[in-house]
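Here the structure comes first, spelled out in structure tokens, and everything after it is commentary.
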Amino acid sequence: MTEHYDLFVIGAGSGGVRAARMSASFGARVAVAESRYLGGTCVNVGCVPKKLFSYAAHFADDFQDARGFGWQAGEISFDWATLRDNKTREIERLNGIYRGLLEKPGVDIIRGHARLLGPKSVQVGEQVFHADKILVAVGGWPYVPDIPGREHAITSNEIFYLDTLPGHITIVGGGYIATEFASILAGLGIQVSQIYRRELFLRGFDSELREQLAGEMGTKGIDLRFNENVAAIAKAGEGYRLSLTSGGELDTGAVLFATGRRPALENLGLENTAVSITSGGYIEVNSQFETQEPGIYALGDVTGGVELTPVALAEGMNLARRLFNGDDRAVDYANIPTAIFSLPNLATVGLSEEAAREQGKDIAVYTSHFRHLKHTLSGNPTKTFLKLIVERGSDKVIGAHMLGDEAGEIIQGIAVAIKAGATKADFDSTIGIHPTVAEEFVTMREATR
């Protein structure tokens, strides 16, 4: 016995859930298949638990800062099991919310691994389903390079569920996940080494902010090792000994590889369709999320675009509207804001200084580097850094960057202004809220260069 759907979604992550529930709300008969957990990477082993851990890590500084304001606390201690288990309960609650989001508009949830049998048929377990349209939104999976001893490494999937925390951890990688966990785990009291094979982490972000963040992380005791890599991992006593490409060795209690993610295409049955794969291993799609196989679509991390949860959500919404609500507008990928939840936070929207110059733009750069008012009493040495990139001819602000407390919260608002085409004159004529960090974005009068 088979069932027929207007849309069959493979993967209940951010993009898949949004596409499924919105398509159903437009009147389509929809099913979504998921073999792991509702909500995908972001909810279960990504954005949400990571941000909860980031909040936890900030308390180490908060307790110390409070003394400068007259607060005296007793002995401070951290209990990993409490954080881990409270986080898990919250994720389980969110899993239930995602189930409700799907069930309310009438989406059928099918548990199990889905495999394409052809252009319009999917098998889950022993059951076969037919659909006019199929969406592949399976996301990615952590990648660990094939080096001797790779079986000893953990990834961002496992770090959220460790029985105990090691005294020292080595994090390999230089992207979002590696840099965030280096800060988080250091904040929880662990000695951290971060190894990255290039000269500086967070490639693609504004270089000035990357350099500032490296300096701030160094002051917090994080051992940053750039132009270095791990060649092999061997068990050594209760921990591990890392052989480094420089010829040295490093002893550590645990090894976390955050060296990127690969599309989760294993046993998906793509060979039974005309869907093509790019040289990078992603599903090839056009601007309308169509694959080479008519009727099969793909979106989110599996397509190799901008790998951010809000982007997958926007793509899922866009596809649902396109297929079942007659809306052919394309997703606008310009000026996507993003944040690194390091300590301190780094956030950005628009062009970096380097990207603007590479595009041949005549720009003025405005910067502000200062000590947060809060830290004048706390004694915390952390500095705040703000930066605006302005196109001289149009006076438009084409980039805004920040390193400091709550950078993501502040840049989100700035992103609206940049999306709306605000000029530097608009920023200058805006009255600031005093005293705040955010007001610095509207009081930078003289260009640094």
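Just so you know, all these numbers are worked out from the coordinates, no wet-lab data involved. Just so we're clear, the structure is a prediction, and the values are computed from it rather than from any experiment. FYI the Cβ positions are ideal-geometry reconstructions off the backbone, even for glycines, and counts take in every protein chain you see.
Annotations
- DSSP bridge orientation in the stretch 150-259 - percent antiparallel, rounded to nearest 5: 40 percent
- Whole-percent P(r), the stretch 83-231, all Cα pairs, 5 Å bins from 0: 2, 7, 12, 14, 14, 12, 11, 10, 9, 6, 2, 0.
- If you wrap the tightest convex hull around every Cα atom of the stretch 279-402 and split its volume per residue, you get 168 Å³.
- log10 of Debye I(q)/I(0), alpha-carbon scatterers only, for the stretch 338-442 at 0.10, 0.12 Å⁻¹: -0.27, -0.39
- Treating each Cα of the chain as an identical point scatterer and summing with the Debye formula, the log10 of I(q)/I(0) at q = 0.08, 0.09, 0.12, 0.13 Å⁻¹ comes to -0.53, -0.68, -1.15, -1.28.
- Taking every C-alpha pair closer than 8 Å and separated by at least 6 residues, the mean separation divided by the residue count of the chain gives a relative contact order of 16 percent.
- Rounded to 5, percent antiparallel among DSSP beta bridges of the chain: 60 percent
- Expressed in units of 2.2 N^0.38 Å, where N is the residue count, the Cα radius of gyration of the stretch 191-289 is 1.50.
- Mean shadow area of the stretch 244-304, taken as a quarter of the surface of its Cα convex hull (nm²): 6.7 nm²
- Debye intensity ratio in log₁₀ form over the Cα atoms of the stretch 28-68, taken at each q of 0.22, 0.23 Å⁻¹: -0.76, -0.79
- Summing +1 for each Lys or Arg and -1 for each Asp or Glu among the other residues whose beta-carbon sits under 15 angstrom from that of ILE411 gives -4.
- Spacing of the two label points (7 Å from each Cα toward its C-beta) at PHE370 and ASP328, in nm: 5.1 nm
- In degrees, nearest ten, helix 309-324 long axis to first principal axis of the chain (Cα): 30 degrees
- For the stretch 405-420 versus the stretch 296-357, the inter-centroid distance based on Cα atoms is 15 Å.
- Antiparallel %, DSSP beta bridges [both residues in the stretch 183-331], to 5: 75 percent
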